[in-house]
Amino acid sequence: MAEEQHNLELTATLLNINPGKNESLKTACRTLADYSEYTARIREKAKTLPIEQAVEETIDSCIREGILAEFLKQNRSEAINMSIFEYDEEKHMQQERAEHYANGHRDGMAEGSIKKLSQNIKSLMQTMDLSEEQAMDALQVPKSDRKAVKPLL
């Protein structure tokens, strides 16, 4: 019997539940509001404490204040492990985004510089009736950059 192959396409809607966002949704769902508060407290404490301590202190204060209290009492170790993992993953993703942004910015600046250089070469070629090579020599364009500039001339 031949195996059937099925394709599935999903669309997901992500909603921001950070403080000040989607308040009507959090008003309608207490657990969601509590989770939002829990994660916000961890983030705040992690600014000044090691993440492990921030999570422990947040769990203690949330239990005292009735925020996810039953869940945190029954699943404390899992909550600790998951919260530390999620915080580390979030921090990692922020670092990745920053690195990719810096790389994109650097590449964009380099591309912009090459475009500007090609405009200068064209201008020199037209005003002084120089060849591409002569204009690049006059502008002291390194041999390694000439290949990137040529398609723009």
Checklist entry - Quick one: which of Lys21, Lys45 is among the charged types (D, E, K, R), crowded, with 16+ Cβ neighbours inside 10 Å, farther than 30 Å from Pro142 by Cα and not assigned by TED's automatic domain parsing to the domain that holds Val141? => result Lys45
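Tell me the residue from Leu32, Leu25 that is hydrophobic (A, V, I, L, M, F, W, C) and either free of Cβ contacts under 8 Å to residues at least 12 places away in the same chain or assigned to a loop (DSSP other than H, G, I, E, B) (or both), please. Walk me through how you get there before you give the answer.
On the way: Leu32 fails: either free of Cβ contacts under 8 Å to residues at least 12 places away in the same chain or assigned to a loop (DSSP other than H, G, I, E, B) (or both).
Being hydrophobic (A, V, I, L, M, F, W, C) and either free of Cβ contacts under 8 Å to residues at least 12 places away in the same chain or assigned to a loop (DSSP other than H, G, I, E, B) (or both) holds for just one of Leu32, Leu25, which is Leu25.
Is segment 98-111 home to any residue that is of a type outside the set (Ser, Thr, Tyr), surrounded by 13 or more Cβ atoms within 10 Å (Cβ to Cβ) and free of Cβ contacts under 8 Å to residues at least 24 places away in the same chain? Please lay out each step first, then the result.
Initial filter on segment 98-111 (of a type outside the set (Ser, Thr, Tyr)): 98-100, 102-111.
Still in the list and also surrounded by 13 or more Cβ atoms within 10 Å (Cβ to Cβ): none.
Looking for residues that are of a type outside the set (Ser, Thr, Tyr), surrounded by 13 or more Cβ atoms within 10 Å (Cβ to Cβ) and free of Cβ contacts under 8 Å to residues at least 24 places away in the same chain, one finds none in segment 98-111, hence no.
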Checklist entry - Can you spot a residue in segment 141-151 that is in a loop (DSSP other than H, G, I, E, B) and on the phi > 0 side of the Ramachandran plot? => result no
Item to check | Members of segment 73-96 that are among the basic types (Lys, Arg) and at pLDDT 80 or above | outcome: Lys73, Arg76
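State which residue is farthest from Lys26 (Cα to Cα) when the search covers only segment 49-93 and only residues that are of a type in the set (S, T, N, Q) and touching a helix residue (DSSP H, G or I) at 6+ places or on another chain (Cβ under 8 Å). Full working, then the answer.
Taking segment 49-93 as the starting set, the residues that turn out to be of a type in the set (S, T, N, Q) are 53, 58, 61, 74-75, 77, 81, 83.
Filter once more, keeping what is touching a helix residue (DSSP H, G or I) at 6+ places or on another chain (Cβ under 8 Å): 53, 58, 61, 83.
Numbers: Gln53: 27, Thr58: 20, Ser61: 20, Ser83: 20 Å.
Selected residue: Gln53.
The values are calculated or read from the model by the stated rules, or taken from the named source; none is laboratory data. Note that the structure is predicted; figures quoted are calculated from it, not measured. Here Cβ is always computed from backbone atoms with ideal geometry, including for glycine, and neighbour counts include all displayed protein chains.
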